[in-house]
Amino acid sequence: MPHRPPRFLIRSLLFSLSVAAGGLAHAADAGPGGVDDAMAAAGVAEQLQALAGQTIAWRRDIHQHPELGEQETRTAALVADHLRGLGLEPRTGIAGTGVSAILRGARPGPRIALRADMDALPVLERTGLTFASSATGTWRGETVPVMHACGHDAHVAILMTVAQLLAEMREQLAGEVMFVFQPAEEGPPEPGAIAGAARMLDEGLFADFVPEAVYGLHVTSALPVGQVGYRSGAMMAAADEWILTVSGRQTHGSRPWEGIDPITVAAQILLASQGIIARQVDTTVAPVVLTAGQIRGGIRFNIIPDEVTLAGTLRTFDEDVRANVIERLRLTADHIARASGASAHLAVASNAPLTRNDPVLAERAGAVLTRTLGADQVLTMPLLTIAEDFSQYTSVAPGFFHFVGVTPVDQDPRTAPANHSPEFFIDEAALAIGTRTLLALALDQLLAR
């Protein structure tokens, strides 16, 4: 697919930042044009022009060298070196490979945090890009291909750019901003392990810097480039990873009656589990999804194995519904297994709580997005059954998370390869949009004094 040239990105950045500055000016105590003056004094327009191509270069470099969760050593080094070059003192090794740094403005003001995730996925890339990944890695004991199939390469490049722009403006800023580059958003290296945002918090990310607001974004194929979306309140589901182990008794495949077949039992449990959602849960209260994504068992065509494991995900928007579905899955598995003389053990680990945009912060942030892009380019998202461990940060401070469209304007987002697809494609004009929105949200806090 063709890429839009950097000239488009530069024009887009310069125009929209001027719109954002005009919209933000009314919030600043410095008087009419105060934000414009601050941006002009820092040479933001010139910096945008200079960085447009660099943002693309960062994204392509990271895309070509993807790394799985808690293995993002090269990406983390790139980020840390960049932050040091801005005169900051990055803290490295948080949650294994995470990086953070604090930029302090010239005057007192609010503390905010801006977050980007760094990890890639075990996916074999089929985009045909000149900078496509050929990398491999190890995931849960297996050698796998690795691809930035969810756009975290774009997130890192955008936040690196915003960090540089804010650093150039530090004399005009009132407050402090922490840049957070997070590993392992896609889940822990081992089921049930503490990873990603939760591990960063456990290791003291906000111990000495408690933000008043946390901002994040995510690129999505569900929107065309130029549009962004968000939702006040609940927006993305809570995500649980479940593993069901069915134990039987191994025997020859020609004499199944001499053993207990865990494959047949597992298949019966899998089919029955869908009846939980279809017939036992009131989905008019809140959406719920129960999916199996993996079945493992057996080593030979004519041997019935001792054990089969199923693994999957549960997505919910209500804690009572979550607990109800887990208990029903446990009972269903246990009763079906017992009926055949087998046993079943269910383990459930929470990977991410419900992602909720703080309503007060969302109202303010939504206004910023509208002033930055125009009302027709800012959409209200439906409830989404995808999940994000950005929700962990909102246990500490109010959060606001928004989506940035990446599907080319001549392609229907409904049929475009989705995030996590081996053909997932980012129109690089979206880098400009993400830079604009994240920078505008930060300046709304750091210049509104």
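The values are calculated or read from the model by the stated rules, or taken from the named source; none is laboratory data. Predicted model only: the values in this text are computed from it and were never measured. Every residue, glycine as well, gets a Cβ built from its backbone with ideal geometry; the counts of neighbours run over all protein chains shown.
Values for this structure:
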| quantity | calculated |
| --- | --- |
| Matching residues in the range 59-93 - criterion: being part of a loop (DSSP other than H, G, I, E, B), touching a helix residue (DSSP H, G or I) at 6+ places or on another chain (Cβ under 8 Å) and over 19 Å from ALA167 (Cβ atoms) | HIS65, PRO66, GLU67, GLY69 |
| Residue satisfying condition, being in contact with a Lys or Arg (Cβ under 9 Å, 6 or more places away or on another chain) and either surrounded by fewer than 23 Cβ atoms within 10 Å (Cβ to Cβ) or not charged (D, E, K, R) (or both), within set GLY175, GLY187 | GLY175 |
| All positions within the range 234-286 that are more than 29 Å from GLU190 (Cβ to Cβ), over 39 Å from the mean Cα position of the chain (by Cα) and surrounded by fewer than 18 Cβ atoms within 10 Å (Cβ to Cβ) | THR251, HIS252, GLY253, SER254, ARG255, PRO256, TRP257, GLU258 |
| Strands (runs of 3 or more DSSP E) (entirely within the range 146-260) containing at least 1 residues that are over 30 Å from LEU129 (Cα atoms) | 174-182, 213-224, 233-236, 238-247 |
| In the range 387-410, the residues that are charged (D, E, K, R) and either over 12 Å from the mean Cα position of the chain (by Cα) or modelled with pLDDT under 95 (or both) | ASP410 |
| Residue count, the range 343-363 (criterion: more than 30 Å from GLY259 (Cα to Cα) and buried (at least 17 other Cβ atoms within 10 Å of the Cβ)) | 10 |
| Near pairs, Cβ below 9 angstrom, 6+ apart or cross-chain, from the range 137-161 (without any contact (Cβ under 8 Å) to a residue 60 or more places away in the chain and at positive phi) to any residue that is aliphatic (A, V, I, L, M) and in a loop (DSSP other than H, G, I, E, B) | none |
| Lone unmet requirement of (1) at pLDDT below 95; (2) assigned by TED's automatic domain parsing to the domain that holds ALA442 for TYR215 | (1) |
| Tabulated pairs, the range 210-226, first among the aromatic types (Phe, Trp, Tyr), second part of a strand (DSSP E or B), C-beta under 8 angstrom, 6+ apart or interchain | TYR215/ILE112; TYR215/ALA113; TYR215/LEU114; TYR215/ARG115; TYR215/GLY399; TYR215/PHE400; TYR215/PHE401 |
| Meets criteria (assigned by TED's automatic domain parsing to the domain that holds ALA365 and within 14 Å of GLU388 (Cβ to Cβ)) for GLN227 | no |
| The one condition in (1) over 18 Å from the mean Cα position of the chain (by Cα); (2) under 17 Å from GLY96 (Cα atoms); (3) not hydroxyl-bearing (Ser, Thr, Tyr) that VAL144 fails to fulfil | (2) |
| Test: THR437 is of a type in the set (S, T, N, Q), surrounded by 21 or more Cβ atoms within 10 Å (Cβ to Cβ), farther than 21 Å from PRO224 by Cβ and within 20 Å of the chain's Cα centre (by Cα) | no |
| Residue within the range 126-137 that is touching a Leu at 6+ places or on another chain (Cβ under 8 Å) and either in the same structural domain as PRO211 (by TED's automatic domain parsing) or closer than 23 Å to THR435 by Cα (or both) present | yes |
